[in-house]
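Chemist: Sharing a structure, written as structure tokens. Questions coming.
Bear in mind that the values in this text are calculations on the coordinates, not laboratory data. For clarity, every value in this text was computed on a predicted model and none was experimentally measured. Backbone-built Cβ (ideal geometry, glycine too); neighbour counts: all protein chains shown.
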Amino acid sequence: MSVNTESFYQLNAELKKYAAVLVAVSKMKPVADIEALYALGQRDFGENYVQELIEKAPQLPAGIKWHFIGHLQSNKIKYIAPFVHLIHGVDSFRLLKEIDKQGVKFNKKISVLLQVFIASETTKFGMNEKELAELMEGAELSKMHHIEIRGFMGMASFADDEAQIRREFAHLKALLQKYKAQEIANTKLEILSMGMSGDYMLALEEGSNMVRIGSMLFGGRQ
Ligand SMILES: *Cc1c(COP(=O)(O)O)cnc(C)c1O
């Protein structure tokens with residue numbers, strides 16, 4: 001087993017100060033590692049690939065809350081819809097509509113986070129602000145009764161410029177507050193999923209209440 005228990009306890013102590021939720025990112029890590037962290041009390045786990053998630057989930061305790069944090073293809077929603085706890089990376093109106101459709105099929109309200117593009121790089125996924133505004137302020141959202149938008153997810157630039165990273169995180173928080181105040185149908189904007197192993201402290205200081213941490217807990221990935 002290759003779980004860093006010391007980091008796990010330190011991280012939990014830190015997160016407690018911010019009342020933030022830890023999503024342990026277990027992509028490419030064996031079921032045994034997830035079981036080890038589960039035994040220490042961890043319940044929220046994040047996976048990036050549908051195939052990997054549907055192979056692992058049945059081997060693990062039903063008490064796990066599975067977060068899908070990868071890039072979701074619309075033809076694969078049906079495989080995770082029945083059991084997924086929260087889908088973080090919803091980055092288009094089209095995908096949201098497909099998730100709603102699957103929610104109808106499984107008679108379930110599916111919780112999602114919209115992924116918003118906040119970084120300076122062009123490689124990151126996510127909606128830009130215009131797309132976000134169109135979705136949040138458009139007429140279609142009120143018709144999607146089988147999804148609930150619980151908040152936003154964002155990834156900061158892979159940069160050394162701490163001030164820039166802070167600005168990006170703070171900007172996402174401001175967007176969340178802006179739309180929260182509008183009390184839009186089928187939304188309950190409370191979650192700000194920001195921060196990974198390398199930048200979670202900055203994210204917490206800028207208002208994150210959900211961090212997605214992998215390598216710090218499970219070691220590096222190939
Ligand atoms: C892999 C991944 C993480 C975890 O990254 P670490 O640097 O290993 O903590 C967090 N969020 C997303 C979207 C990821 O793909």
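Chemist: With respect to the cross-link table entries Lys17/Lys143; Lys29/Lys65; Lys16/Lys188; Lys16/Lys180; Lys29/Lys101, which display a Cα-Cα separation exceeding 28 Å? List each step's numbers first, then the result.
Modeler: Values: Lys17/Lys143 38 Å; Lys29/Lys65 17 Å; Lys16/Lys188 23 Å; Lys16/Lys180 24 Å; Lys29/Lys101 31 Å.
The answer is Lys17/Lys143; Lys29/Lys101.
Chemist: Fewest to most neighbouring Cβ within 10 Å: what's the order for Val21, Val31, Val211, Val3? Show your work: numbers first, answer last.
Modeler: Working: Val21 18, Val31 14, Val211 27, Val3 22.
Ranked by crowding around the Cβ, least crowded first: Val31, Val21, Val3, Val211.
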